[in-house]
């Protein structure tokens, strides 16, 4: 396995893995909450061009954010550092990676021709609105959340609020969004994003099949 | 130290200052009073620091163990790699838990909002809560004098934020030639605070560098980006079990108080609420009127 490309975002060092080289349209893969770029190795074979996969801060071989402070926007800054390195790239994101892909596709439409959003861990966050009855008395990070290769404090990206007007603003500026819920329940931000004009829905049930469908069009 | 410690009428330096580790970040705690007395934990506002309580704390210390926190990235506490509201709230919880018995909790401005949230989140740790003018921003947000609202769309503003982060260089404060320049800067923002007090308070908010003084606070401490709505300010406050004393100053100021109708709306979910107004004070009751504020608190806080 080759050494990852080292990038910097703020005070944290990031690992960008080149899963496959070559010429053609680049793909940047974004993993789910608590996962790593490794989770993309198999599925990304469905993409015909060069493939890169990022370890978000706090995950895999990227640095940890001292004292916590993980937010989807911070992770979007991670993905933006990778995009700056790659130039232009299609995005494929799972779970929190899908939400990050939405934010980045809406922020850098000139560099993101398409973004594939897939259901997975960290997709819903803490919902669209504060839940007044949510149990907030527990310890943070929750003791039951102990990912094998991630900082437990990344759990903050599983409880942040994702209002629908916020998601919609990014969806409306994205060039092309492709959504595949893989049969999972769609959170409110996803439903809102799905109403935007640039969105296509895919019936495919696996990341590899969805990626192949994205590559065909 | 190149400069000697300043003095200010009524200000007493902490009797003990110590470090406390919270979620991997070193926090500086300043203490006054009998270590065996009931604890009162003090939480400061944005870009302030724990020594801002140097005039209030010694008056409370006659009856309490007073513990003022330098929030992460502020005062003499360590810097984090990123800052969020929930981390500050968790820090407050960690400090209270370490004191070994339920606390009285007091916060000012942003620290008041965070103290309120910590009280909702850790009900077993809080006996009574004092919130000094920390009831969330108005729907228009906090605006320093002269600040213009950015009319661009959310993604366009986020692009600017990401552009700055791409630049990759460590953000830093410019150096001010002298303490008087720092005082003048802050005085423009908070005209009600006296020059004499600001000379004292900002001495502890700054550190010497080549060419003058810079703020000690981490330039990234206010640097986040994310969704927020005014109606989220009090979204969890119906869960507050401890009684709250809601304090405002009588005078209009840069950051408060909120218009009465809005303030009443924000406070509506609080089950055990008392309200008080410090006469002749603006937003910074504990700095502008420490004696009156202490008298109010000593009359309300249970021993």
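Could you run through segment A:11-44 and say how many residues are within 14 Å of chain B (Cβ to nearest Cβ) and buried (at least 21 other Cβ atoms within 10 Å of the Cβ)? Residues flagged as within 14 Å of chain B (Cβ to nearest Cβ) and buried (at least 21 other Cβ atoms within 10 Å of the Cβ) within segment A:11-44 amount to 2. Once segment B:158-180 is narrowed to residues that are touching a residue at least 24 places away in the same chain (Cβ under 8 Å) and surrounded by 13 or more Cβ atoms within 10 Å (Cβ to Cβ), the residue that is farthest from the other protein chains (Cβ to nearest Cβ) is B:179. Looking only at segment B:45-62, residues that are in a loop (DSSP other than H, G, I, E, B) and within 17 Å of residue B:128 (Cα to Cα) come to 1 in all. Criterion applied to B:53, B:64, B:20 was being touching a residue at least 40 places away in the same chain (Cβ under 8 Å) and out of contact with any helix residue (DSSP H, G or I) (no Cβ under 7 Å at 6 or more places or on another chain), and the one residue passing it is B:64. Identify, please: which residue in segment A:65-79 is in contact with a helix residue (DSSP H, G or I) (Cβ under 8 Å, 6 or more places away or on another chain) and assigned to a loop (DSSP other than H, G, I, E, B) and is, among those, farthest from residue A:117 (Cα to Cα)? Only one residue tops the list, namely A:67. For segment A:45-58, filtering for residues that are away from every other protein chain (no Cβ under 14 Å) and either without any contact (Cβ under 8 Å) to a residue 12 or more places away in the chain or closer than 15 Å to residue A:14 by Cα (or both) leaves 4.
Given the condition within 21 Å of residue B:156 (Cβ to Cβ) and assigned to a loop (DSSP other than H, G, I, E, B), answer yes or no: does some residue in segment A:48-55 qualify? No; the residues of segment A:48-55 include none that is within 21 Å of residue B:156 (Cβ to Cβ) and assigned to a loop (DSSP other than H, G, I, E, B). Just one of the listed residues (B:245, B:273, B:258) is crowded, with 19+ Cβ neighbours inside 10 Å, touching a strand residue (DSSP E or B) at 6+ places or on another chain (Cβ under 7 Å) and farther than 26 Å from residue B:199 by Cβ, and it is B:245.
In the set (1) surrounded by fewer than 23 Cβ atoms within 10 Å (Cβ to Cβ); (2) closer than 27 Å to residue B:241 by Cα; (3) within 14 Å of chain A (Cβ to nearest Cβ), the condition left unmet by residue B:35 is number (3). For segment B:74-116, taking the residues that are farther than 22 Å from residue B:16 by Cβ and outside any helix (DSSP H, G or I), the one that is farthest from the other protein chains (Cβ to nearest Cβ) is identified as B:109. Could you grab me the full set of residues in segment B:239-261 that are assigned to a helix (DSSP H, G or I) and at pLDDT 95 or above? B:260, B:261, listed by residue number. Among the residues of segment A:84-117, those that are within 11 Å of another protein chain (Cβ to nearest Cβ), crowded, with 23+ Cβ neighbours inside 10 Å and not in a loop (DSSP other than H, G, I, E, B) comprise A:102, A:103, A:104, A:105, A:106, A:107.
Please indicate, with yes or no, whether at least one residue in segment B:263-282 is away from chain A (no Cβ under 14 Å), within 30 Å of residue B:177 (Cα to Cα) and modelled with pLDDT of 95 or more. Scanning segment B:263-282, I find at least one residue that is away from chain A (no Cβ under 14 Å), within 30 Å of residue B:177 (Cα to Cα) and modelled with pLDDT of 95 or more, so the answer is yes.
In the set (1) modelled with pLDDT of 95 or more; (2) within 30 Å of residue A:12 (Cα to Cα); (3) not in a strand (DSSP E or B), the condition left unmet by residue B:69 is number (3).
Is it true that some residue in segment B:19-29 is within 14 Å of chain A (Cβ to nearest Cβ) and part of a loop (DSSP other than H, G, I, E, B)? Within segment B:19-29, one or more residues are within 14 Å of chain A (Cβ to nearest Cβ) and part of a loop (DSSP other than H, G, I, E, B).
In segment A:59-81, which residues are more than 10 Å from chain B (Cβ to nearest Cβ) and surrounded by 24 or more Cβ atoms within 10 Å (Cβ to Cβ)? Matches in segment A:59-81: A:59, A:62, A:75.
Condition check for residue A:123 on (1) under 13 Å from the mean Cα position of the chain (by Cα); (2) not in a loop (DSSP other than H, G, I, E, B): one failure, at (2).
Would you check if residue A:155 is buried (at least 16 other Cβ atoms within 10 Å of the Cβ), more than 10 Å from chain B (Cβ to nearest Cβ) and either closer than 30 Å to residue B:232 by Cα or without any contact (Cβ under 8 Å) to a residue 24 or more places away in the chain (or both)? Taking the combined requirement at face value, the residue satisfies it.
The values are calculated or read from the model by the stated rules, or taken from the named source; none is laboratory data. As the structure is a prediction and not an experimental result, all values here were calculated from the model. As a convention, Cβ positions derive from the backbone with ideal geometry for all residues, glycine included, and neighbour counts pool all protein chains shown.
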